[in-house]
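*Asks:* Sharing a structure below in structure tokens format, with a few things to ask.
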Amino acid sequence: MFQGSDKNRKIIDKAGKVYAFICGALLIIITVTIFYFISVKGLSTFLIDKKSIKEFLFTTLWKPDRENSLGGPAIGSLQFILGSVFVSVFAIIISAPIGISSAIFMVEIAQKIGRKLLQPAIEIFVGIPSVVYGWIGLTVLVPFISKHFGGLGFSLLAGILVLTIMILPTITSVSADTIKALPWEIREASYALGATRWQTIRRVILPAATPGILTAIVLGLARAFGEALAVQMVIGNRPVLPLSFLQPMSTITSVITMDMANTVAGSVWNDALWSLALLLLLISLGFIIILKLVGRRRIY
């Protein structure tokens, strides 16, 4: 009886290991396949269409569908790259202090309020689809900016504010989890030395939680950089350099989603969009590497 039970257990364990191995291998294969496909399509701009990387990265003339004075379609994408950088960085600058402060309030100052009010609110924010953020920005934020600040309302400022709200839950929740995970002994040691609560938060909690907080900021930045729909709805989608907060502009993700359906496979325009997708993939890979490096640091 026991021998049969042990035999069945071994068969189940072996089947579980095989299943887990197949799932892991499948994930690796899918990731490598996606990276290979986007790389092949993205490099076509430079290997088949004979466009230069310098023109692609450092010029601003975007006319991939027609001839220009220099001859041939122009695929300058600097304005899209800078647009993505500006909208993401400014959103992080606004949301990071708010998110970190909210996490400290939830964990260290008012745990009951944080558990009963802030935590449910954050969970609601996380569950809201991107299109809802974009629609609210389109119907409320854009008219407000146009009325009180001038311009069309579709602008870099609108994209920044929408992204700020979208990435705030990510920064808050990850920072809160990091602070919760800190050993309670470091707080007791600080209080035993006569430190106040604010001194403990400033000189003990925040330094110890720095790696996790940096991880939260990088995750928020990655989310902001890759967001497409909500930003596309409020930013104006004009292929120009972002010289003003009230000026319509485009990002990498918005130009891809706007133009990809209008292109013919194999054309210079289509290949240029795939090159932008490859650039976005490489930037995302850079964020992952940064997360790995930051995650290795430990203060305590």
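The values are calculated or read from the model by the stated rules, or taken from the named source; none is laboratory data. Just so you know, these numbers come straight off a predicted model, no measurement behind them. Cβ coordinates were reconstructed from backbone atoms using ideal geometry, including for glycine residues, and neighbour counts include every protein chain displayed.
*Asks:* In region 243-265, is there at least one residue being under 17 Å from residue 89 (Cβ atoms) and in contact with a strand residue (DSSP E or B) (Cβ under 7 Å, 6 or more places away or on another chain)?
*Replies:* yes
*Asks:* For region 135-154, which residues satisfy the criterion of being at pLDDT below 90 and surrounded by 14 or more Cβ atoms within 10 Å (Cβ to Cβ)?
*Replies:* Correct list: 151, 152, 153.
*Asks:* Related question: Taking residue 227 and the conditions (1) of a type in the set (Asp, Glu); (2) free of Cβ contacts under 8 Å to residues at least 12 places away in the same chain; (3) touching a helix residue (DSSP H, G or I) at 6+ places or on another chain (Cβ under 7 Å), which numbered condition does it fall short on, given that it satisfies the others?
*Replies:* Every condition holds for residue 227 apart from (2).
*Asks:* Also, quick follow-up: Yes or no: residue 124 out of contact with any Pro (no Cβ under 6 Å at 6 or more places or on another chain), surrounded by 13 or more Cβ atoms within 10 Å (Cβ to Cβ) and either assigned by TED's automatic domain parsing to the domain that holds residue 249 or part of a helix (DSSP H, G or I) (or both)?
*Replies:* Judged against the criteria, residue 124 is not a match.
*Asks:* Scan region 49-58 residue by residue and report those that are in a loop (DSSP other than H, G, I, E, B), over 12 Å from residue 272 (Cβ atoms) and either among the small types (Gly, Ala, Ser) or touching a helix residue (DSSP H, G or I) at 6+ places or on another chain (Cβ under 8 Å) (or both).
*Replies:* Step one: of region 49-58, the residues in a loop (DSSP other than H, G, I, E, B) are 49-52.
Filter once more, so that each one left must be over 12 Å from residue 272 (Cβ atoms): 50, 52.
Result: 52, single match.
*Asks:* Here is a follow-up. Just to confirm my filter: which helices (runs of 4 or more DSSP H) fall fully inside region 189-293 and include at least 2 residues that are buried (at least 22 other Cβ atoms within 10 Å of the Cβ)?
*Replies:* Ranges flagged: 206-226, 229-234, 252-259.
*Asks:* Also: Would you point out the residue of region 24-53, among those that are polar (S, T, N, Q) and surrounded by 12 or more Cβ atoms within 10 Å (Cβ to Cβ), that is nearest to residue 76 (Cα to Cα)?
*Replies:* Across region 24-53, the extreme among qualifying residues is 52.
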